[in-house]
Amino acid sequence: MGTFVGFGFGPIQAGLFLTEAFRSGNFGRLVVAEVIPEVVAAVQQAGRFTVNIGHTDRIEAVTVAPVEIYNPAVPDGRDALIAAVSEATEMATALPSVDFYARGDESSIAHLLALGLQRKVDAHGPPAVIYAAENHTRAAALLETAVLEKVPTHRRDSVRRCAQFIDTIIGKMSGVPDETNDLTPLAPGLGRAFLVEAFNRILISQVRRTGTGAAGDPIWGDFQRGITVFEEKPDLHPFAEAKLYGHNAGHALAAYLAHQVGFTQMDDLRKRPDIVTYVRHAMIEESGMPLCQRFAGVDMLFTPEGFRRYAEDLIVRMTNPYVRDTVARVGRDPERKLGWDDRLVGAMRLAIEAGVEPRRYALGVAAALAWLNVSPEITEAFLIGLWQPSAPAPEAAHAIIVRVKDARIQLRYWSEQGYPDLKAWENSI
């Protein structure tokens, strides 16, 4: 029976990592770090927490117990977490961003992991994998670097040998709803609740199970993950691109079109099957066809039929009323989502390179600009400013801007006509 340790106690940590660790029956201890005092107090008093899981036909309340929760900002909490790391076999970070790894000095995740892993080495503790769930393509490498910077130089190799930092692709929708009247709170006395979808097919980078290193180092050949539902892949890159330019791009397109027609909930889109069909076709044709060309032979996902099924499943999940996802949550931070390498513009670039015209994603960019109240007259200057960190070639930037300007004109016509059926409207222009 292993020990699981989580850092950050949001919906993904609670509703994915801790819940799946609990369901597996393979862990004797479940430990989590959280800095919000009232949450720590409530969960400590109860010895448990509850998450609400949205299925296709209902919301299920799942209670995870027993669980230990500690505040790393408190000395006793830090000590308990360091001790838990030393005996842990699986850990996960689920923080707002990779910027939080080294934030907080003695209470930082990097500091706690560095001390705990050194103690693991000294005690000849079990090997451990550390899942990095911060939605960044280099999260595991960045976490490893942050941890090793806190470890004395002469001890870094032994720490590397006892722990592996694992990347993740988490396509699970989750949130903290404002309206919680009919949801089970996280713990008795708390006014917050977590709602996550039932989906749990999470892809992770492959665990290296070869070699024992120096004498006394952990034997990785015998290592078995306790959270068995996660699927290891030798190369996550193709799947990361499918997540960003397929799932995320389609999700953003759906949100910005939903906002355009006045919807506030993602499941409101079920009232507009024409928009749902439009998003599905964007994912299959403008994302799927280029991705299938680029990664042919890698996996069944990268076949026309495989990607069609992927897109259709995502559409159902995106509009699931029992997940209660909001347009505001999915569409938040549009400036980032309009980045040169991010979902919408990145998907457009991918399509253009493959000889596919990305007219639907161009309309999504236009709708995102309307969300931001960017006037058509400054479209080019605004986008060029957003893309400056990536320094795109002028010709490549121009190819995107021309299409977005055309899409802004089309979006205005669609709006002036009262947002008629998208397919009929497209056929008329």
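The values are calculated or read from the model by the stated rules, or taken from the named source; none is laboratory data. Computed from a predicted model, the values in this text were never measured in an experiment. Counting neighbours? That spans all protein chains shown, and the Cβs are built from the backbone with ideal geometry, glycine included.
Summary table
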item: Lone unmet requirement of (1) at pLDDT below 95; (2) in a strand (DSSP E or B) for residue 232; result: (1)
item: Matching residues, segment 315-329, being buried (at least 21 other Cβ atoms within 10 Å of the Cβ) and of a type in the set (A, V, I, L, M, F, W, C); result: 318, 323, 327
item: Test: residue in segment 368-382 that is under 21 Å from residue 277 (Cα atoms) and either under 23 Å from the mean Cα position of the chain (by Cα) or not assigned by TED's automatic domain parsing to the domain that holds residue 252 (or both); result: yes
item: Among the candidates 270, 208, residue that is charged (D, E, K, R) and modelled with pLDDT under 95; result: 208
item: All positions within segment 245-274 that are buried (at least 24 other Cβ atoms within 10 Å of the Cβ) and among the aliphatic types (A, V, I, L, M); result: 249, 252, 253, 254, 255, 257, 258, 266
item: Strands (runs of 3 or more DSSP E) within segment 41-106 that include 3 or more residues more than 21 Å from the chain's Cα centre (by Cα) and farther than 29 Å from residue 138 by Cα; result: 59-64
item: Segment 274-299 residues that are outside the structural domain of residue 246 (by TED's automatic domain parsing) and farther than 30 Å from residue 260 by Cα, paired with ones that are of a type in the set (S, T, N, Q) and modelled with pLDDT under 95 (beta carbon under 9 Å, 6 or more apart); result: none
item: Hits in segment 267-307 - residues which are in a helix (DSSP H, G or I), within 27 Å of residue 426 (Cα to Cα) and either of a type in the set (Lys, Arg) or touching a Ser or Thr at 6+ places or on another chain (Cβ under 8 Å) (or both); result: 267, 269, 270, 271, 276, 280, 292, 307
item: Subset of segment 373-417 [surrounded by fewer than 19 Cβ atoms within 10 Å (Cβ to Cβ), under 20 Å from residue 357 (Cα atoms) and either touching a strand residue (DSSP E or B) at 6+ places or on another chain (Cβ under 7 Å) or basic (Lys, Arg) (or both)]; result: 405
item: Qualifying residue in segment 372-382 (condition: acidic (Asp, Glu), in contact with a Ser or Thr (Cβ under 7 Å, 6 or more places away or on another chain) and farther than 15 Å from residue 288 by Cβ); result: no
item: Sole residue being crowded, with 18+ Cβ neighbours inside 10 Å and in contact (Cβ under 8 Å) with a residue 40 or more places away in the chain, chosen from 13, 45; result: 13
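Okay, residues lined up against (1) in the same structural domain as residue 221 (by TED's automatic domain parsing); (2) more than 30 Å from residue 251 (Cβ to Cβ); (3) in contact (Cβ under 8 Å) with a residue 24 or more places away in the chain:
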{"position": "103", "(1), (2), (3)": "yes, no, no"}
{"position": "112", "(1), (2), (3)": "yes, yes, yes"}
{"position": "117", "(1), (2), (3)": "yes, yes, yes"}
{"position": "139", "(1), (2), (3)": "yes, no, yes"}
{"position": "154", "(1), (2), (3)": "yes, yes, no"}
{"position": "163", "(1), (2), (3)": "yes, yes, yes"}
{"position": "174", "(1), (2), (3)": "yes, no, yes"}
{"position": "177", "(1), (2), (3)": "yes, no, yes"}
{"position": "183", "(1), (2), (3)": "yes, no, yes"}
